[in-house]
């Protein structure tokens with residue numbers, strides 16, 4: 001299979017093209033805009049048979065996406081960060097409509113203060129919306145995941161929208177070798193969209209704006225949606241096997257690396273996980289039994305698989321590139337709740353917050369996290385949540401605060 | 001793994017340079033990663049792009065902190081801390097500077113452990129934002145220095161990346177780029193790959209226990225006025241507007257009003273002053289001045305004159 005160099009954004013556009021999306025509602029935002037630029041060029045050149053419409057906001061864009069999906073066409077759209085948040089009301093709404101489509105989110109930290117660079121708080125904000133979530137770590141995976149996401153979302157047992165996430169800058173603007181699936185094979189894999197009874201027409205009315213009071217009907221619809229998202233766990237395996245058979249690339253719900261005999265495990269998601277792979281290699285070369293479990297499918301959460309992978313390990317370091325104010329790392333709390341009461345659960349599950357707003361995580365930091373969890377496990381102690389933040393960063397911060405004229409005396413006392 | 005960083009100004013083609021070199025490595029059978037790094041800057045502002053290439057898949061991501069090769073398209077960036085040209089360079093780094101000056105001058109000036117090489121700057125260049133073909137030249141020089149990219153592979157990569165611009169532009173780029181490739185041949189192979197960081201013996205990060213601070217300190221608010229003064233956007237300038245006060249009619253308002261950055265102030269005597277710390281060199285004032293009393297000279301020339309003035 002020939003490969004070409006593509007950015008994460010380029011790979012996302014190809015995913016939409018290969019899935020033969022019919023309708024693309026769009027609104028630009030950094031670092032996502034390249035995706036819709038690429039698509040608009042193809043649509044303009046008749047290289048892609050789709051209708052593309054620019055909306056006046058992300059709120060309308062998601063409404064248009066959900067509405068179009070209700071009419072029985074395949075829909076693709078993309079956003080990032082503030083755009084995703086602006087659309088949040090409609091994310092919950094269209095998920096409630098039970099309409100399948102694929103939304104690519106290019107992760108970027110949230111205001112305030114504002115940034116352009118990557119972290120996962122935007123995508124975490126969509127965690128409870130009903131959208132399925134697949135997190136990619138490479139440009140190849142971005143393209144492949146979009147094809148898989150259509151299969152998952154459109155499956156008759158699921159019929160929910162799906163988000164494929166990629167990190168801003170670290171993937172969006174970074175070129176890597178990508179083996180583009182053959183268009184015929186991709187079309188065959190994704191298949192025709194069978195909208196079942198989602199065929200809104202003038203002559204076939206469909207109302208999705210119903211109100212339900214009293215709680216009983218509401219609870220029914222909401223819990224059915226939850227069960228539908230969980231159905232994706234059942235169908236995922238088959239879709240992943242089929243993908244592997246056709247394209248020769250295997251994507252598990254959790255991407256395990258050197259896990260077989262691992263005593264110490266890093267758990268995380270996103271593109272920084274490839275850096276963790278290097279760290280695992282270096283640590284293994286230094287005699288450490290270290291492994292990496294990268295969560296790819298985050299909604300539904302593959303709880304069984306997480307338990308199977310982590311029980312019996314000596315210690316786990318969960319790295320979150322997000323923070324739930326007043327709680328800590330979102331992934332950490334989900335991993336620990338998954339492991340609660342499980343026999344042979346690892347005695348140490350430490351929480352590290354790092355990579356906020358594009359802040360890098362160095363190899364030395366990966367090494368040090370493993371060192372810390374090993375020490376805690378040897379001593380039988382636990383570890384407090386740690387923000388990956390160095391003295392040097394604090395010194396630079398103090399310089400900025402001095403310029404901003406924050407309370408000088410207080411800073412100087414510290 | 002080869003780790004290569006290109007430094008230049010917005011508009012000089014550093015992203016293009018990284019893509020040409022990335023494609024050349026890729027065609028040569030390497031696994032590749034290339035990316036530009038920029039924020040909200042514009043033409044003339046310092047930017048950089050980078051390339052990683054290895055025989056096995058590239059897992060490393062983000063800014064290259066320890067480069068094997070640093071290519072500088074614009075030598076005025078070398079001494080500019082904000083540009084970060086010298087960041088992380090050590091005795092294994094090759095520093096290639098596009099410059100009129102020679103290697104020993106730079107080696108002395110920088111007192112750097114890196115090996116300094118010079119890509120001889122073209123004499124005919126005026127506006128450094130338009131250093132013609134400098135991206136292609138830098139990519140070609142870098143390709144030659146690695147010693148693993150044959151000349152015809154580089155040519156093919158350049159054609160692949162610039163083909164959409166048309167044959168004429170491709171040919172012009174090729175001519176100057178291949179000349180740079182040939183000029184670097186004597187140093188072919190001087191850039192070497194460096195290994196993964198070992199976990200056996202590493203410097204532990206100096207993490208701090210993160211302190212709680214009251215909102216008076218920790219809210220992201222700026223209480224000082226006019227902090228934008230601290231951002232020396234004059235560093236982005238490639239052409240400098242210079243006022244000829246003999247021609248200036250003292251109109252009081254045209255240049256200062258049109259200046260989009262508020263970098264021109266009118267003195268009490270009715271004559272304008274340009275704040276070169278913040279003038280970005282857009283030259284709107286040059287176009288607007290009714291008696292044509294503002295002319296544009298290259299920043300390179302202006303700085304040469306200033307140095308000469310300071311020495312007399």
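A short reminder: the numbers here are calculations on the coordinates, not readings from a lab. Just so it is clear, the model here is predicted, and its values are computed rather than measured. Don't worry about glycine lacking a Cβ; one is built from the backbone with ideal geometry, like all the others, and counts go over all protein chains shown.
Here are a few things to note about the model shown:
- Cα centroids of region B:74-105 and region A:195-216: 65 Å apart.
- Projecting the alpha carbon convex hull of region A:254-393 along each direction and taking the average yields 8.4 nm².
- Global geometry of region B:2-187, whether rounded, prolate or oblate, following the gyration tensor of its Cα atoms and the 1.5 cut on a/c: rounded
- Degrees, to the nearest 10: A:88-97 long Cα axis against longest axis of chain A: 50 degrees
- C-alpha center-to-center spacing [region A:243-270, region A:1-80] in angstrom: 28 Å
- DSSP bridge pairs, region A:3-247: antiparallel proportion in percent, nearest 5: 20 percent
- All-pairs alpha carbon distance profile, region A:270-317, 5 Å steps from 0, percent: 5, 18, 24, 23, 20, 7, 2, 0
- Net length available on complete extension from residue A:179 to residue A:256 is 25.6 nm, with 0.36 nm assigned per residue and the Cα-Cα distance removed.
- Once the Cα atoms are used to define both axes, helix A:139-154 deviates from the longest principal axis of chain A by about 50 degrees.
- Look at the stretch B:282-292: the mean tally of other chain Cβ atoms within 10 Å of its residues' Cβ atoms is 0.
- Exposure proxy shown here: for B:277, B:34, the number of other Cβ atoms within 10 Å sets the order, fewest to most, as B:277, B:34.
- GNM on chain A, alpha-carbon springs under 10 angstrom: the most fluctuating residue among A:61, A:394, A:124 is A:394.
- Of the residues B:252, B:207, A:14, the one with the fewest other Cβ atoms within 10 Å heads the list, and the complete ranking is B:252, B:207, A:14.
- Geometric extent, Cα atoms of region A:79-204 - Rg, Dmax (angstrom): 15.8, 49
- Residue of A:206, A:310, A:180 that the Gaussian network model of chain A assigns the largest fluctuation, springs spanning Cα pairs under 10 Å: A:206
- Alpha carbon Rg of the protein assembly as shown, scaled by the compact-globule rule 2.2 N^0.38 Å: 1.04
- An oblate overall shape is assigned to chain B, the ratio a/c of its alpha-carbon gyration tensor axes (a ≥ b ≥ c) being 1.5 or greater and a/b not exceeding b/c.
- Cα long-axis angle, helix A:8-18 against chain A (0 to 90 degrees, to the nearest 10): 30 degrees
- Region A:3-247, relative contact order [Cα under 8 Å, separation at least 6], %: 25 percent
- When only alpha carbons of region A:37-153 are considered, Rg and Dmax amount to 14.2, 41 Å.
- Taken over the Cα atoms of region B:233-311, the convex hull encloses 94 Å³ per residue.
- Extents of chain A, taken as max minus min of Cα coordinates on every principal axis and listed largest first, are 70, 57, 53 Å.
- Using a Förster distance of 56 Å, the FRET efficiency for residue B:194-residue A:226 (Cβ separation, nearest 0.05): 0.65
- Peptide-level mean, for A:110-116, of C-beta atoms on other protein chains within 10 Å: 2
- DSSP-defined antiparallel bridges as percent of all bridges, chain B, nearest 5: 60 percent
- Prolate/oblate/rounded call for region A:176-290, Cα gyration tensor, a/c under 1.5 rounded: oblate
- Mean-square fluctuations from a GNM of chain B, with a 10 angstrom spring cutoff on Cα atoms, peak among B:45, B:139, B:199 at B:199.
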